[in-house]
Ligand SMILES: Nc1ncnc2c1ncn2[C@@H]1O[C@H](COP(=O)(O)OP(=O)(O)OP(=O)(O)O)[C@@H](O)[C@H]1O
Ligand SMILES: [Mg+2]
């Protein structure tokens, strides 16, 4: 699915103080595109992602995903739209500790209309042979790959990732990024990754840079690298 932002603004108000978290953002993301969003802490990355994905609402402006106008939806419609179309990955894996790998993925499958088979997705993230393990028996990277499988199993059309490798070391981060890129290629899922690490931009189709709540640069990346080709620092 493609995404379009028109003059999107988000203002947080607390008492007298107004904070612009997103300011007059205009952007089009194509179906199947791989986007990396970069910017310093507090520049509005998470807010932008939350607004695009309907987890939060803009103060003004229009957000469309294909033909649906997200910014006109009420909470109930947004919840349904998110459940049917969107996948999320965060820095914390949020796995259920009392469920094993396959059962954690099953939780994601239950919310899908036409979901994938659990084993197919576990195969894609390289965890098929560990499906009976519990989260505490897995490394950080493996746990993050379970959370990717859980998000992917419902066949989302767009995958939103906020600092998916923020808690991981370089090697593990590359393993997780390589899985995300593969899913983008295999399933043509539109992929949006927020990160502090400019190197990760080398993997994307386009790099969006934010500063002080504004989009300050949109750069095409002609020479896309694999996770293992990027220079981390
Ligand atoms: N719920 C909120 N209430 C008030 N201000 C907020 C709220 N959420 C975010 N902000 C402010 O909006 C701005 C953008 O925050 P945001 O979380 O989007 O930044 P970010 O780029 O994701 O930062 P980081 O890299 O640290 O995660 C910041 O100035 C932040 O303090
Ligand atoms: Mg953030």
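Suppose a student asked you for the relative contact order of the range 3-220, using Cα pairs under 8 Å spaced at least 6 residues apart; what percent would you report? Working shown, then result.
Details: 431 pairs, mean separation 63.5, N = 218.
Relative CO of the range 3-220 lands at 29 percent.
Taking the C-alpha atoms only, the angle from helix 170-187 to the longest principal axis of the chain is near 80 degrees.
Do the sum for the chain: with -39,500 (n - 2.57) for every DSSP H run of n ≥ 4, divided by all residues, what is the mean residue ellipticity at 222 nm, to the nearest 500 deg cm²/dmol?
That comes out to -8500 deg cm²/dmol.
Multiplying each eigenvalue of the alpha-carbon gyration tensor of the range 155-225 by 5 and taking the square root yields semi-axes of 19, 16, 13 Å, largest first, rounded to whole angstroms.
If the chain between residue 226 and residue 24 were fully stretched, how many nm would it gain, using 0.36 nm times the residue separation less the Cα-Cα distance? Before the final figure, lay out each step's value.
Details: separation 202, 0.36 × 202 = 72.72 nm, distance 3.28 nm.
Value of the extension gain: 69.4 nm.
If you run the Gaussian network model on the chain, springs between alpha carbon atoms under 10 Å, then out of 91, 137, 124 the most flexible one is 137. Kirkwood Rh over alpha-carbon pairs of the range 97-233, then Stokes-Einstein at 20 °C and 1.002 mPa s: what D in µm² s⁻¹, rounded to an integer? Reported coefficient: 136 µm²/s.
Start at zero, step by 10 Å, and the Cα-Cα distances of the chain spread as 8, 33, 36, 20, 4, 0 percent across the bins. Each of residue 41 and residue 72 was given a label point 7 Å from its Cα along the Cα-to-Cβ line. The distance between the two points is 4.0 nm.
Where does each of 196, 132 land when they are ranked from fewest to most other beta-carbon atoms within 10 angstrom?
On the way: 196 13, 132 10.
The order, fewest Cβ neighbours first, is 132, 196.
Which angle between 0 and 90 degrees, to the nearest 10, do you get for helix 140-152 versus the longest principal axis of the chain when only C-alpha atoms count? Taking the Cα atoms of the chain, the angle to 140-152 is about 70 degrees. To the nearest 10 degrees, how steeply does helix 75-85 sit against the main Cα axis of the chain, on a 0 to 90 scale? So the inclination is approximately 50 degrees.
Report the extension gain between residue 98 and residue 57 in nm, rounded to one decimal, defined as 0.36 nm multiplied by the number of residues separating them, less their alpha carbon distance. The residue 98-residue 57 span can extend by a further 11.4 nm. Looking at the chain, the DSSP beta bridges with both ends there are about 55 percent antiparallel.
The numbers here are math on the coordinates, done by the rules we state, and not lab data. The structure displayed is predicted, hence computed values, not measured ones. Heads up, the Cβs are rebuilt from the backbone with ideal geometry, glycines too, and the neighbour counts pull from every protein chain shown.
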